[in-house]
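A short write-up of the structure that comes next.
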Amino acid sequence: MREQFQFNYDLLTDWKELPIEDFKLVQVAYSAMDRAYAPYSEFLVGAALLMEDGTIVEGNNQENVAFPSGMCAERVALFYAGATYPKGVVKTICIVAKGALMPASFLLSPCGSCRQVLLESENRQRKAIRVIVVNQDMRTLVLDSAKDLLPFGFGK
């Protein structure tokens, strides 16, 4: 039997087209990105989480010479939120990046480990996490759920 998986997403030409709440979240993610520690890849990544209560949690990538001991921005933010707000609900995550690791025209997306952590966070809170990814050329991908990034992820 052949099955098919589909999902919907929005693709904007510029993140400045986002509603004001998301617009502000992108600005916070860029601020976090500017503080990233990425001396080896020179690929800076910032993440900002909007919690249901309005709290914003930031994260950025933290590299380490003993690869793969560093951590991606998404996981820094999600693990901080889980440790600091264990009953909190993540409403939206925004991810931004810059660097020559990939051409600016390539659509960015979280790595596999971050996708799994996003999915686990979504399952844990029993509520979808919207995902906003701002590309280096300003194109912006908006997904309704982390599940759309990893349809066959580990889980219950």
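Residues of the stretch 122-156 being in contact with a Pro (Cβ under 9 Å, 6 or more places away or on another chain) and either β-branched (V, I, T) or at positive phi (or both), which ones?
Of everything in the stretch 122-156, those that are in contact with a Pro (Cβ under 9 Å, 6 or more places away or on another chain) and either β-branched (V, I, T) or at positive phi (or both) turn out to be V131, V133.
Condition (residue is farther than 22 Å from R35 by Cβ and of a type in the set (V, I, T)) applied to the stretch 117-129: is it met by at least one residue? Let's see the steps before the verdict.
Here is the first cut: in the stretch 117-129, the ones farther than 22 Å from R35 by Cβ are 119-129.
With of a type in the set (V, I, T) added as a condition, the list becomes 129.
Yes, the stretch 117-129 contains at least one residue that is farther than 22 Å from R35 by Cβ and of a type in the set (V, I, T).
Using beta carbons and a limit of 8 Å, which pairs, at least six apart or on different chains, have the first residue in the stretch 1-28 and free of Cβ contacts under 8 Å to residues at least 12 places away in the same chain and the second one charged (D, E, K, R)?
Short answer, once both residue conditions are applied: F23/K16.
Considering only residues that are part of a helix (DSSP H, G or I) and either buried (at least 23 other Cβ atoms within 10 Å of the Cβ) or at positive phi (or both), which ones fall in the stretch 26-74? Before you say what the answer is, go through the steps one by one.
Of all residues in the stretch 26-74, those part of a helix (DSSP H, G or I) come to 26-33, 73-74.
Result: A29, A32, M33, A73, E74.
Could you tell me which residue of the stretch 75-91 is nearest to the chain's Cα centre (by Cα), considering only residues that are closer than 20 Å to W15 by Cβ and either surrounded by fewer than 16 Cβ atoms within 10 Å (Cβ to Cβ) or not charged (D, E, K, R) (or both)?
Within the stretch 75-91, the subset closer than 20 Å to W15 by Cβ is 77, 90-91.
When the remaining residues are screened for being either surrounded by fewer than 16 Cβ atoms within 10 Å (Cβ to Cβ) or not charged (D, E, K, R) (or both), the result is 77, 90.
Details: A77: 9, V90: 11 Å.
The extreme case among them is A77.
Testing Q6 on (1) part of a loop (DSSP other than H, G, I, E, B); (2) of a type outside the set (A, V, I, L, M, F, W, C); (3) touching a Leu at 6+ places or on another chain (Cβ under 9 Å); (4) closer than 21 Å to G153 by Cα, one condition comes back false. Which one is that?
(3)
Give me a count of the residues in the stretch 10-57 that are charged (D, E, K, R) and either under 19 Å from L141 (Cα atoms) or touching a Leu at 6+ places or on another chain (Cβ under 6 Å) (or both).
Quick first cut of the stretch 10-57, residues charged (D, E, K, R) only: 10, 14, 16-17, 21-22, 24, 34-35, 42, 52-53.
Among the residues that remain, those that are also either under 19 Å from L141 (Cα atoms) or touching a Leu at 6+ places or on another chain (Cβ under 6 Å) (or both) are: 10, 14, 16-17, 21-22, 24.
Going through the stretch 10-57 one residue at a time, the tally reaches 7.
If V28 passes every condition in (1) farther than 19 Å from R115 by Cα; (2) modelled with pLDDT under 95 but one, which one does it miss?
If we test V28 against (1) farther than 19 Å from R115 by Cα; (2) modelled with pLDDT under 95, just (2) comes out false.
Could you tell me how many of the residues in the stretch 102-137 are surrounded by 15 or more Cβ atoms within 10 Å (Cβ to Cβ) and over 13 Å from the mean Cα position of the chain (by Cα)?
So the count comes out to 5.
On the basis of being closer than 23 Å to D148 by Cα, within 10 Å of the chain's Cα centre (by Cα) and surrounded by fewer than 16 Cβ atoms within 10 Å (Cβ to Cβ), does C94 make the cut? Give the steps one after another, and end with the answer.
Working: closer than 23 Å to D148 by Cα: yes; within 10 Å of the chain's Cα centre (by Cα): yes; surrounded by fewer than 16 Cβ atoms within 10 Å (Cβ to Cβ): no.
Answer is no for this residue.
Select from the stretch 6-54 the residues that are β-branched (V, I, T) and under 16 Å from the mean Cα position of the chain (by Cα) and write down the one among them that is nearest to L107 (Cα to Cα). Write out each step before concluding.
Filtering the stretch 6-54 down to residues β-branched (V, I, T) leaves 13, 20, 26, 28, 45.
Narrowing the set further to residues that are under 16 Å from the mean Cα position of the chain (by Cα) leaves 26, 28, 45.
Details: V26: 16, V28: 20, V45: 14 Å.
Across the stretch 6-54, the extreme among qualifying residues is V45.
The values are calculated or read from the model by the stated rules, or taken from the named source; none is laboratory data. Keep in mind that this is a model prediction, so the values were computed, not measured. Every residue, glycine as well, gets a Cβ built from its backbone with ideal geometry; the counts of neighbours run over all protein chains shown.
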